[in-house]
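One structure is given below, encoded as structure tokens.
Just so it is clear, none of the values below were taken in a lab; they were calculated from the coordinates. Since the structure is predicted, the reported quantities are computational estimates derived from the model, not experimental observations. Note: ideal-geometry Cβ built from the backbone for every residue, glycine included; neighbour counts use all protein chains shown.
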Amino acid sequence: MIEEGVFHNNVLRRKRLGILWSRFYFGSLIIAIVALITLFLTVVDQAFGTVSLSFVVDPATLTDGRPLDQLSTDELADILTSNLSAGRSRILLRDYVIVNYNADTYTKQPIQALLPNHTLDLAVGEKTLGTLSAEEISPILAQSLSSDALYNLVMIEVVQEQVLESWTLSKTVFEYNQIVAENNEEHPEGVLQFRSWLNARFLGTPMASDALKAGVRTALLGSLWIIGITIFFALPVGIGAAVYLEEYARAGSHSRLFNLANNLIETNIRNLAGVPSIIYGMLGLFVFVRLLGDLTQGRTILSAGLTMALLILPVIIINAQEAIRAVPYSIREASYGMGATRWQTVSRQVLPAALPGIMTGTILGVSRAVGETAPLIVVGAATFIVTDPTGFFSQFTALPIQVYQWTSLPQVEFRYVAAAAIVVLLILLLSLNATAIVLRNRYSRRLS
Amino acid sequence: MTSHAHSNKAVQLNKVSIYYGDYRAVKDVSLDIDRNKITAFIGPSGCGKSTVLRSINRMNDLVPGAHVEGEVLYRGRNLYAPDVDPVEVRRRIGMVFQKPNPFPKSIYDNIAYGPRLLGVKDRKVLDQIVELSLQQAALWDEVKNDLKKSGLALSGGQQQRLCIARAIAVEPDIILMDEPCSALDPIATQRIEELMKDLVKSYTIVIVTHNMQQAVRVSDYTAFYYIRKQEIDGKELRWGELVEFGKTKQVFDQPEQEETSDYISGRFG
Amino acid sequence: MSSMELNAGNQLGTLSRKGQLLADVLQHETHDGIDIRKRPRINEIIIQNILLICGVVSIITTVLIVYSLLNQALGFFNSLAWLPARTLTVNSSVERIAVPNAIDAATTEIVLTTEAGELVGGLTRLPYTPNQLIRIENEIMLVTAVSRQAITVERGVEDTTAANHKSGMPIEVLVSDPIRLDEELSAADMQIGLITAGRLPFTAGQVIRLHNENMRVTEIAADNTSITVERGYEGTEAIVHPIDEAVQVSKQPTLTEFLTHTKWQPQIGDFGVLPLVYATLMTTIIALMVSLPLGLGAAVYLSEYASPRSRATLKPILEILAGVPTVVYGFFAITFMTPLLRGIFGTDNVSIYNMASAGLVMGIMIVPTISSISEDALSAVPRSLREASYGLGATKLETIVRVIIPGALSGIIAAFILGMSRAVGETMIVAIAAGAGPASAINFLKPFQAGETMTGHIARISGGDLSYGSIDYNSIFAIGLALFVMTLILNLISGFIARRFREVYQ
């Protein structure tokens, strides 16, 4: 018999130990959540802040009081042409509007020939590039370029805005006086300005070598194009495979060879789900860029989309399988009992009932595809591309690639635009996942 | 082919044995199901009555490894002949299950499912079929104002009547019912029993029930199944066999087999 | 289908009203005979085959992955790197110093003072410079640093092996000379005069290369000043070569070298994958040191302590960690974790690109993987076991540690191995934060230095311009093959353990 006092102390000690450890367990969870929050805060911290700017020409002097980014395309084009030499204006017209020209002959061709898709005054259209005046160039610029592009040109060419130094959001909020002092000391000519690196123009502008001007337009469009192709290929094949495995392979008695083959397919899919994504990139490089290069034209959006489709295929299949399995057997029984064929049962009862689960799984797969970078690097994302994608055979870049490239650049301003791009990426993912949750809730209510 | 359309035998089972793989679940069942009559299968749990029922519309095919010996004759054709399509069989021999299983769709779509499978597209025709079926299943008055309501939103008894309406929407010859009332309360059960007596005027009904009183109440014929056991090589084999079959009145009042009278009087089972 | 006129009072044979409605569609139906024969349902067959093809796509994917990796990796082992042919000769102008003390095979620092504390041989300065090659007995070493009294060396270079050396052994300084043309070579000349400090290291039949032209050696002059060659060999064009151009010899990667050599620089003939593997291991170990306790702790909390409501809120938050793209983690690593580490441990000790930063962030990323699988395993432990333990008077902690965790052990191990597999295959975090360190294995035990992992290397090489068929292009497939094999083995082990676990409670 254990002495009463000893036993009691022993229990107390064990209980204290228990409480200690329970705090550790809780603490682990909290640490993970804190890490997550820190991650988001770090991103936000860099996406906004203060910059010290210098101008050659103060933008305020160019307008009548309205902010520069609210002017119309005509007004912006006028500012451009009236502040630059005629020669410079012509070069801008050549590089940003005409873009594709024959270097040997373009100086002799009439403007209308160089811009076949533009409507120009007859008199203007007949002139060659070298004879155009500033007044004639301005409307062409206004007609061809977006206000975002024109704004950027004004800032680059006329204002010649430069970042002297920059500070993060936390510094801005907590140590603003220090920023002012630093600025006065080291950059007395610099104008301090609060800057949101994430703004509307950021979304509409393609990448640039200057952090101030850079935007995610090409990357965002690239991501959307790639995702479109990915879904187009991965969704039907994935659902088809899941339907096959759950409804056709499992049901009914089959030869042993058949069962073996089906087991092989299933094990194989689970293994594929665990293969590192960079290996899919290498697969894409070998198969889509090289082997099928004639079909895909090499390092194009099509190759990228197909590679990502293969990447998320296992995820979609596994999720769709679970969704299909969740449909109660009684529904199938009732359908077969009425003399429906297998495909009729699957297409009219099973798939509609499994739809919410399948959609959720698809969106999860798509989320993954949106965030994946490594495969795209290997397949060959373009390092510097400023034109919007025009079709399946365009060169490509994507949001996460853009983040990667900007993060790797030495200038600290590119960290800020990288953070802004991350915010765009996260918002995109958030909306995708929110849609998944909403859809799933709406449809599962219908079922029960 | 001789015409059997007017013969009074809907289905004939000749020495039907049902196997799952190597395991024989039911041995040598022979009986005739009369047209436009209610035949009840009774017996203790595990005696194979549901298995026999499902063999009539080839629902056992859905179980991997199931196969049947003997003949199941329907209108003179052996349903298990190699050139017979189970899908076609099930269009003519419908089934209602133990737990009501309406589709997760509207009442209308539940009933229209069968006709749509057959290719009916005309909305007006479907409307009529839905109404007729619901009327036959004694559910029309309760749901006629909201056919778009989900089938799952009905009560248990209503759901089962919905399933019956769904089954008869394609005008089957025979309706098989596998313990249709066991998941329902007594009032709902009573309604369905009344319904059966109505339906049997148009269809042949075979019902599996573990409730002997129900068999007495509704059926014209009764088949009593029981479990047989045998020890071979130290392992105990069990299977189901048909013990007695005849008019209900006779089976319950003057059973020929001792096992039958024992079961009915409640001495075992 | 035509709409039927319904006459309520009309009896159409034995068909009911509903039967009439359906009659149009039931084409095979007659009053008497019915047709229940099998009919060809072509749609069904077509659809079934289409679905089968969908399922087979996954097999095709695996086959293609394996094929492409093997095929191109094979190309790697068949490709050649061209290195300048060199002879190593002893620089006799440097005085030979005898090693004062015996050296074992592992020492990297050789102290050259006598017992009195003076430099050996009465020298005032050590006559060595970094990047020099020295030789003791049969071992060649690379001098990496020279101090007042000692030299630091890399042991066993130039295909020699590190060995023990007795005291008194002389240190010879080697000079590595590229072999050059002694005069301009025309396109037709078959005899080539060469300048070299030592013996010509060629053999008859060997293929050498001058600029873009391959040549086959047929004869080596006895006086070591010239060789006779076949010009324009292997489809290359015979061209003029200027004076002093260096002769190149080829080197082909072998599997043994791939797996054992400790330098990775394919362009100059170093084909050892070990540095990349070591970097991968280092980051993986750091990641697991973080993710295992955190993941397991979180799993225990969620499964044993949390109320259903808090579990419902906390678990999705944890899942968010899994949904964040890895490139964002990479950004986090370099903008937050690296400055943090540099702040804590000092900027001299932590370099800007380091493996610890990447490893720690990778660990955070893997926490949800380990936690969710572990939690499933913990929850699957039957109530009866817990109740038995409580019934014996155990506290909650004791029950967890002695009953539940051991009961879920296989699942937890499976989670751990899966986490390892994810860490090994992770690319972006290491590509951004771990940097491209010197491709040698020295940095393995220095987590605060940069190190390039297998994945990081592939990403870096792919980011540049990859010309098809170049040794770089093929080399990434060789590395990819190694990576694929590693993760496949880990995944299979994890799956095997998980399956064994699932049987235990049935």
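Using Cβ point charges alone (K and R +1, D and E -1), the dipole size of chain A about the Cα centre works out to roughly 2800 debye. With R₀ set to 60 Å, the beta-carbon distance separating C:LYS38 from C:ALA188 gives a calculated FRET efficiency near 0.15.
Within 10 Å of the Cβ of each residue in A:266-276, the mean number of Cβ atoms contributed by other protein chains is 6. Against the longest principal axis of chain B, how steep is helix B:107-118, in degrees 0 to 90 to the nearest 10, with axes from Cα atoms? Helix B:107-118 sits roughly 70 degrees off the main axis of chain B. Within a straight-line Cα-Cα reach of under 24 Å, C:LYS396 can be paired with the following lysines, leaving aside sequence neighbours fewer than 8 residues apart in one chain: A:LYS15, C:LYS315. Across peptide B:89-95, the mean count of Cβ atoms from other chains lying within 10 Å of each residue's own Cβ comes to 5. Compared with the direct C-alpha span, the chain from C:THR203 to C:ARG500 gains 101.1 nm at full extension, assuming 0.36 nm per residue.
A simple spin-label model places pseudo-atoms 7 Å from Cα toward Cβ; at C:VAL66 and C:ILE493 they are separated by 2.1 nm. Of the GluC sites (Glu not before Pro) found in the stretch A:169-212, those that fall in a DSSP loop while having at most 11 other beta-carbon atoms within 10 Å are A:GLU189. With the simple model of a label 7 Å out from the Cα in the direction of the Cβ, B:LYS197 to B:SER155 spans 2.1 nm.
Considering only Cα-Cα distances, which of the following residue pairs are longer than 23 Å: B:LYS15/B:LYS49; B:LYS121/B:LYS197; B:LYS99/B:LYS197? From the list (B:LYS15/B:LYS49; B:LYS121/B:LYS197; B:LYS99/B:LYS197), the Cα-Cα distance tops 23 Å for B:LYS121/B:LYS197. Consider a paramagnetic label point 7 Å from the Cα of A:LYS108 along Cα→Cβ; state which residues of the stretch A:120-159 have an amide N under 17 Å from it. Within reach of a label on A:LYS108: A:127-131. Modelled spin labels at C:GLU319 and C:ARG180, positioned 7 Å past Cα toward Cβ, are 6.9 nm from each other. Over the residues of chain B, the helix contribution to mean residue ellipticity at 222 nm works out to -9500 deg cm²/dmol, using -39500 (n - 2.57) for each DSSP H run of at least 4. The calculated 222 nm mean residue ellipticity attributable to helices in chain C amounts to -14000 deg cm²/dmol, summing -39500 (n - 2.57) over DSSP H runs of n ≥ 4 and dividing by all residues. Each of B:TRP140, A:TRP406, A:TRP225 was scored by other Cβ atoms within 10 Å of its Cβ. Listed from fewest to most, they are B:TRP140, A:TRP225, A:TRP406.
Computed about the Cα centre, the dipole magnitude for chain C is approximately 2520 debye when only Lys and Arg (+1) and Asp and Glu (-1) carry charge, each at its Cβ.
Positive contributions from Lys and Arg (+1) and negative ones from Asp and Glu (-1), summed over other residues with Cβ under 15 Å from the Cβ of A:LEU264, come out at +2. Potential lengthening of the chain between C:ALA312 and C:LEU259 amounts to 14.3 nm, from the contour at 0.36 nm per residue minus the alpha-carbon distance. Taking 51 Å as R0, compute the FRET efficiency from the Cβ-Cβ separation of C:ILE50 and B:ALA183 and round it to 0.05. E between C:ILE50 and B:ALA183, to the nearest 0.05, is 0.85.
For chain C, the relative contact order works out to 14 percent when only alpha carbon pairs closer than 8 Å and six or more residues apart are counted. Here A:TYR106, A:TYR25 are placed in order of increasing Cβ neighbour count within 10 Å, fewest first, which gives A:TYR106, A:TYR25.
Dipole size of the protein assembly as shown about its Cα centre, with +1 on Lys/Arg Cβ and -1 on Asp/Glu Cβ: approximately 5020 debye, rounded to the nearest 20.
Legend: calculated FRET efficiency, C:SER379 to A:LEU17, from the Cβ-Cβ distance at R0 = 25 Å, rounded to 0.05, equals 0.60. If you line up the long axis of helix A:301-326 against the longest principal axis of chain A, both from Cα atoms, how many degrees apart are they, to the nearest 10? Roughly 30 degrees between the two axes. Excluding same-chain neighbours fewer than eight residues apart, the lysines reachable from C:LYS251 by a Cα-Cα span under 18 Å are C:LYS263. For chain B, a Gaussian network of Cα nodes joined below 10 Å ranks B:SER155, B:SER50, B:SER202 by mean-square fluctuation, and the top entry is B:SER155. Note on A:348-357: average number of Cβ atoms from other chains within 10 Å of each residue's Cβ is 2. Only helices enter this figure: runs of n ≥ 4 DSSP H residues, each worth -39500 (n - 2.57), summed and divided by the residues of chain A, yield -20000 deg cm²/dmol at 222 nm to the nearest 500. Within the shell of other residues whose beta carbon sits under 15 angstrom from the beta carbon of C:VAL99, the net charge comes to -3, with Lys and Arg scored +1 and Asp and Glu -1. The C-alpha atoms of chain A define a longest principal axis, and helix A:73-83 lies at about 50 degrees to it. The trypsin sites (Lys or Arg not before Pro) of the stretch B:141-187 that meet both conditions, a loop assignment by DSSP and at most 14 other Cβ atoms within 10 Å of the site Cβ, are B:LYS144, B:LYS148, B:LYS149.
Ordering A:ALA142, B:ASN110, C:LEU276 by the projection of their Cα atoms onto the charge dipole of the protein assembly as shown, which places +1 on the Cβ of Lys and Arg and -1 on the Cβ of Asp and Glu, puts B:ASN110 at the extreme positive end.
Measuring nothing but how far apart in sequence close Cα pairs (under 8 Å, 6+ apart) lie, relative to its length, the stretch A:217-447 scores a relative contact order of 30 percent. Ranked for footprinting exposure by Cβ neighbours inside 10 Å, fewest first, A:LEU114, A:LEU41 give A:LEU41, A:LEU114.
Which of the residue pairs B:LYS105/B:LYS249; B:LYS229/B:LYS249; B:LYS229/C:LYS38 have a Cα-Cα distance greater than 31 Å in the structure shown? Those over the limit are B:LYS105/B:LYS249; B:LYS229/C:LYS38.
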